[in-house]
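A short write-up of the structure that comes next.
Read-outs throughout are calculated quantities, based only on the coordinates presented, and are distinct from any laboratory measurement. None of the values given here were measured: they were computed from a predicted structure. Counting neighbours? That spans all protein chains shown, and the Cβs are built from the backbone with ideal geometry, glycine included.
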Amino acid sequence: MMETIDLGLTTKEVAETLGVTEQTIYNYVKEGRITPWNKETWKMDGTYLFHAEEVERIEGEQKKPGFTTKEIVAYLEGFNIKVSPSTVISKMKSRELPAVMKPYRNIDTFFVKKEDLDANLHLFNRVKGREKFYNKKTGYFLFQPFENKETGEFARIMKWDGTGNGKALTNQERELLIKDLKQQGFEPVIEWDGEITNNKKGSVMLKLIKPKQVKSLTFDLIDQFYRIAGPTNLKLDVLDGDIKIEMKPILLPFYKTEHRDEIDLLKSSLVEGKMILRPNGVVLDSDLVSFVAYGSTLLKEQVKEYAEIEGLTQEEFIIQSLKEAIQRRKHKMY
């Protein structure tokens, strides 16, 4: 009877078992983290071969001691808490959220235990006045204007709970529940039939003082943002009486001779980005510039893995890493 010899796992099989790329396994071998039994003859064999015990050892080392950043974001969504990966990372780095940094897939990674995350959910609760501003299901959004065509009364959504419920205030200082607007004869002045596509890079940020009256130049400006950018291309936060707006670059139909007040308000409110006066209107553009860098295949793989773990795009991860590196150098200099 022929004896069957178990040659072990191939590089591809080990990569699939550990959930990494084959290149990562080659890196592990080079670093001495894992040793194939055929290290001297692997080229002849066509692949590295690993004993199951060796793979189990690495698998044990890579067991996650908690949630990664990406997993934290997904976990918080279950509590209806929307938060960006960068916000989670900043909470960990500031030590507000207890975290440990351990090697995972050959990368130093922040981990948070579930019990620590559960105990600190308040760190991510919506701050008073910081609302999710748009409800896709109903089509309603914060500061949406309405009009009663029979009476001429004007209304605007001024209070919002982040789930589509709230109150509108009329120009006659009547307060109405959002769900009662149509019953009271009010129709939306701005609606969307579909999403507005905007593939421009970067964003513009403005900070405006929240008006107390439902009709004002500030709200007229916000109405234009909603009309031209659409809800999928902007973010809107209200905090301490300020309206903070971040949106994709847009062209506004404002002209130097006819819209001086609007242009002046834009100038005074612009926090990030730039404003360009053109014959066909005013462009609010980001101040992004492109630059090119080249790195090794290994570096690219590491960027890809880090970005995936932290729930960022590769571009976001690279920019964030550059900013952190510059900050470290500044601290050393001063």
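Plainly put, the range 11-165 has a radius of gyration that is 1.26 times its Kirkwood radius, both from alpha-carbon atoms, as the Rg/Rh ratio. On the beta carbon distance between Leu251 and Glu61, with R0 = 45 Å, the FRET formula returns roughly 0.25. Using C-alpha pairs below 8 Å separated by at least 6 residues, the relative contact order for the range 9-61 is 40 percent.
Where the alpha-carbon atoms of the range 9-61 are placed on the principal axes, they occupy 29, 19, 19 Å, in descending order.
Taking a ≥ b ≥ c as the square roots of the eigenvalues of the Cα gyration tensor, the range 226-268 is oblate, since a/c reaches 1.5 or more and a/b is not larger than b/c. When each of the peptides 251-262, 138-149 is scored by how many other beta carbons lie within 10 Å of its residues on average, the order from highest to lowest is 138-149, 251-262. Only helical runs count toward this figure. For the chain, summing -39,500 (n - 2.57) over DSSP H runs of n ≥ 4 and dividing by all residues gives -10000 deg cm²/dmol at 222 nm.
For the residue pairs Lys132/Lys200; Lys102/Lys300; Lys182/Lys235; Lys30/Lys201; Lys39/Lys102; Lys70/Lys136, alpha carbon separations beyond 31 Å are given by Lys30/Lys201. Once you divide the Cα radius of gyration of the range 204-285 by 2.2 N^0.38 Å, the number left is 1.02. Here the label points at Lys207 and Ser321, each 7 Å from Cα along the C-beta direction, are separated by 3.1 nm in the simple model.
Estimated at 0.36 nm per residue, the fully extended path between Val100 and Tyr75 surpasses their Cα-Cα distance by 7.2 nm. Once the convex hull of all Cα atoms in the chain is built, its volume per residue stands at 233 Å³.
Extension gain, Glu187-Ser268: 0.36 nm per intervening residue step, less the Cα-Cα distance, totals 25.9 nm.
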